[in-house]
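See structure below.
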Amino acid sequence: MQILPYALLGLIALVMLVVGIFLITGLAGAPYVPTLKEPLEDALTKLYKISSKDLLIDLGAGDGVVLKAASKKGAKAVGVELNPILALIIKWRFRKDRQVTVKCRNFYHFKFPKETTVVYVFMIGLRMDGIYRKIQKEATRLNKPIYLISNAFDVSFAKPEKHISQFYLYKVEP
């Protein structure tokens, strides 16, 4: 009978921990908002035709929908996720997919692999200019252009190459 109160307290503490992690990552500018599969398909075919020649980085990989879509098209995909719970979930989800890797870290401190060709981001608008600058630094470091697909938000100082539905495509030059 005395175990029940401790189990209940443990469950409450676990729920509070999970909610706290989501709250902290959300306040840090990385809220979890899922990407819809159908519009994403258009973005990866009509906006930027992803293929086996690409390495896509998903900044804020969330539930891994973008990683799965890229992998299905033959591309390598790297998910960068700040939320450790989401990172663990997508690591588990893609444990057998050799095309997908997941890193639990702040993407501002993440060095892009040299094969990087495209970056996908679904981030709040206030962060887009900084994300663009981060990608530009990586393009300079890698000495090649990198494409940026932004879901829903544009970059205030850059003109997109294409715009379809809620997606913007930028060519970020070194």
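The values are calculated or read from the model by the stated rules, or taken from the named source; none is laboratory data. Source: prediction; values computed, not measured. No Cβ is skipped: glycine too gets one built from the backbone with ideal geometry, and neighbour counts run over all protein chains shown. In case anyone asks, the SASA skips ligands and DNA or RNA and just uses the protein heavy atoms, side chains included. Shrake-Rupley method; radii C 1.70, N 1.55, O 1.52, S 1.80 Å.
Kindly list, by first and then second residue, each pair from a residue in segment 114-127 that is without any contact (Cβ under 8 Å) to a residue 60 or more places away in the chain and farther than 18 Å from Ala139 by Cβ to a residue that is of a type outside the set (Gly, Ala, Ser) and open to solvent by 10 Å² or more (accessible area, probe 1.4 Å), limited to pairs with Cβ atoms under 9 Å and residues at least 6 apart or on different chains.
Note: pairs meeting the criteria are Gly125/Phe153; Gly125/Asp154.
Every residue in segment 100-110 that is open to solvent by 20 Å² or more (accessible area, probe 1.4 Å) and over 12 Å from Leu59 (Cα atoms), please.
Of everything in segment 100-110, just one residue is open to solvent by 20 Å² or more (accessible area, probe 1.4 Å) and over 12 Å from Leu59 (Cα atoms), namely Thr101.
Restricting attention to segment 42-71, report how many residues are assigned to a loop (DSSP other than H, G, I, E, B) and either under 13 Å from Val100 (Cα atoms) or not aliphatic (A, V, I, L, M) (or both).
Going residue by residue through segment 42-71, those that are assigned to a loop (DSSP other than H, G, I, E, B) are 48-54, 60-64.
Applying the additional criterion that residues be either under 13 Å from Val100 (Cα atoms) or not aliphatic (A, V, I, L, M) (or both) yields 48-49, 51-54, 60-64.
Residues in segment 42-71 being assigned to a loop (DSSP other than H, G, I, E, B) and either under 13 Å from Val100 (Cα atoms) or not aliphatic (A, V, I, L, M) (or both): 11 in total.
Examine segment 55-77 for a residue that is more than 17 Å from the chain's Cα centre (by Cα), open to solvent by 100 Å² or more (accessible area, probe 1.4 Å) and either modelled with pLDDT of 90 or more or aromatic (Phe, Trp, Tyr) (or both), and state whether such a residue exists.
Within segment 55-77, none of the residues are more than 17 Å from the chain's Cα centre (by Cα), open to solvent by 100 Å² or more (accessible area, probe 1.4 Å) and either modelled with pLDDT of 90 or more or aromatic (Phe, Trp, Tyr) (or both).
Looking at (1) open to solvent by less than 10 Å² (accessible area, probe 1.4 Å); (2) at pLDDT 95 or above; (3) not basic (Lys, Arg), which is the one condition that is false for Pro113?
Of everything listed in (1) open to solvent by less than 10 Å² (accessible area, probe 1.4 Å); (2) at pLDDT 95 or above; (3) not basic (Lys, Arg), Pro113 misses just condition (1).
Within the group Leu169, Leu148, Leu86, which residue is of a type outside the set (Phe, Trp, Tyr) and under 17 Å from Lys53 (Cα atoms)? Working first, answer last.
Details: Leu169 fails: under 17 Å from Lys53 (Cα atoms); Leu86 fails: under 17 Å from Lys53 (Cα atoms).
Answer to the selection: Leu148.
Quick check: is even one residue across segment 82-99 under 25 Å from Lys171 (Cβ atoms) and open to solvent by 20 Å² or more (accessible area, probe 1.4 Å)?
Going through segment 82-99, the residues under 25 Å from Lys171 (Cβ atoms) turn out to be 99.
Those still in the list that are open to solvent by 20 Å² or more (accessible area, probe 1.4 Å) too: 99.
Within segment 82-99, one or more residues are under 25 Å from Lys171 (Cβ atoms) and open to solvent by 20 Å² or more (accessible area, probe 1.4 Å).
Which of the following residues is of a type in the set (Ser, Thr, Tyr) and closer than 23 Å to Pro39 by Cα: Tyr108, Tyr132?
Numbers: Tyr108 fails: closer than 23 Å to Pro39 by Cα.
Matching residue, one of Tyr108, Tyr132: Tyr132.
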